Amino acid sequence: MCIRETAAHGTSALRHLSRALRELIHGQSNDLLFETRPWTGPRAVSITEYRTMAEHKTGSLLGCATAIGATLAGAPAHTVTALERFGRHLGVAFQAVDDLLGIWGDPATTGKPVHSDLRQGKKTFPVLAALSTDAPAAHELATLLSSPPDPTTTHRAAALIEEAGGRTATLAEAEHHLTAARHLLHT
């Protein structure tokens with residue numbers, strides 16, 4: 001490989017990294033801004049907004065990580081694109097599972113106190129999915145989330161999220177992205 005090709009690959013890798021960092025910062029800032037928005041109503045965070053945030057925050061990081069080596073090695077553009085898309089799907093799946101762990105995870109494993117995301121008012125996929133249903137548990141959850149969190153309300157909120165289908169929907173979301181990621185490895 002000549003010096004000119006090596007420099008071109010390095011420049012391309014740097015573009016990947018710059019774009020990923022820009023998206024990661026945008027996604028992280030949205031994640032933080034979501035905490036200031038209401039749980040319900042016209043200003044509530046939508047599932048679509050959440051997915052965009054997760055793709056930017058975690059998907060861009062893993063997409064860059066999976067594509068940059070191929071870029072530096074001079075892989076064909078379609079391979080780099082497939083690897084980047086693979087990483088993005090993997091990142092969204094990771095974020096969904098991380099959201100589950102923020103509610104139901106074992107603190108000894110996760111290092112986070114149980115229900116920490118609920119206490120912080122984080123707009124996570126399980127909560128948003130639960131609130132998007134018409135289940136009676138979703139209506140009770142919306143009322144509960146509008147009051148200040150305490151150990152009793154966060155415990156009840158976790159039960160309502162599960163009852164309204166939030167855990168099941170999150171697992172399905174993660175599986176969808178894992179399936180898409182696996183498919184990209186075979187293209």
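The values are calculated or read from the model by the stated rules, or taken from the named source; none is laboratory data. Keep in mind that this is a model prediction, so the values were computed, not measured. Cβ: placed from backbone, ideal geometry, glycine included. Neighbour counts: every protein chain shown. We work out accessible area using only protein heavy atoms, side chains counted, and drop any ligands, DNA or RNA first. Shrake-Rupley method; radii C 1.70, N 1.55, O 1.52, S 1.80 Å.
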Please give the helices (runs of 4 or more DSSP H) falling wholly within the range 1-112 in which 2 or more residues are of a type in the set (A, V, I, L, M, F, W, C) and either open to solvent by less than 50 Å² (accessible area, probe 1.4 Å) or touching a residue at least 60 places away in the same chain (Cβ under 8 Å) (or both). 3-34, 47-54, 60-72, 77-104
With respect to Gly102, determine if the residue is closer than 25 Å to Ala158 by Cα and either at pLDDT 95 or above or touching a His at 6+ places or on another chain (Cβ under 9 Å) (or both). yes
Residues of the range 40-56 being in contact with a helix residue (DSSP H, G or I) (Cβ under 8 Å, 6 or more places away or on another chain) and either at pLDDT 95 or above or among the aliphatic types (A, V, I, L, M) (or both), in sequence order, are Ala44, Val45, Ser46, Ile47, Glu49, Tyr50, Arg51, Thr52, Met53, Ala54, Glu55, His56
Being in contact with a helix residue (DSSP H, G or I) (Cβ under 6 Å, 6 or more places away or on another chain) and free of Cβ contacts under 8 Å to residues at least 12 places away in the same chain narrows it down to one residue among Thr153, Thr143; which is it? Thr153
If Leu184 passes every condition in (1) surrounded by 13 or more Cβ atoms within 10 Å (Cβ to Cβ); (2) at pLDDT 95 or above but one, which one does it miss? (2)
What's the total number of residues in the range 159-181 that are of a type in the set (Asp, Glu) and open to solvent by less than 60 Å² (accessible area, probe 1.4 Å)? 1
May I ask you to verify whether Arg156 is among the charged types (D, E, K, R), within 30 Å of Ala13 (Cβ to Cβ) and open to solvent by 60 Å² or more (accessible area, probe 1.4 Å)? no
Would you mention how many residues in the range 113-140 are of a type outside the set (Val, Ile, Thr), under 15 Å from Asp31 (Cα atoms) and assigned to a loop (DSSP other than H, G, I, E, B)? 3
So, of the residues in the range 113-134 that are open to solvent by less than 60 Å² (accessible area, probe 1.4 Å) and among the charged types (D, E, K, R), which turns out to be modelled with the lowest pLDDT? Asp117
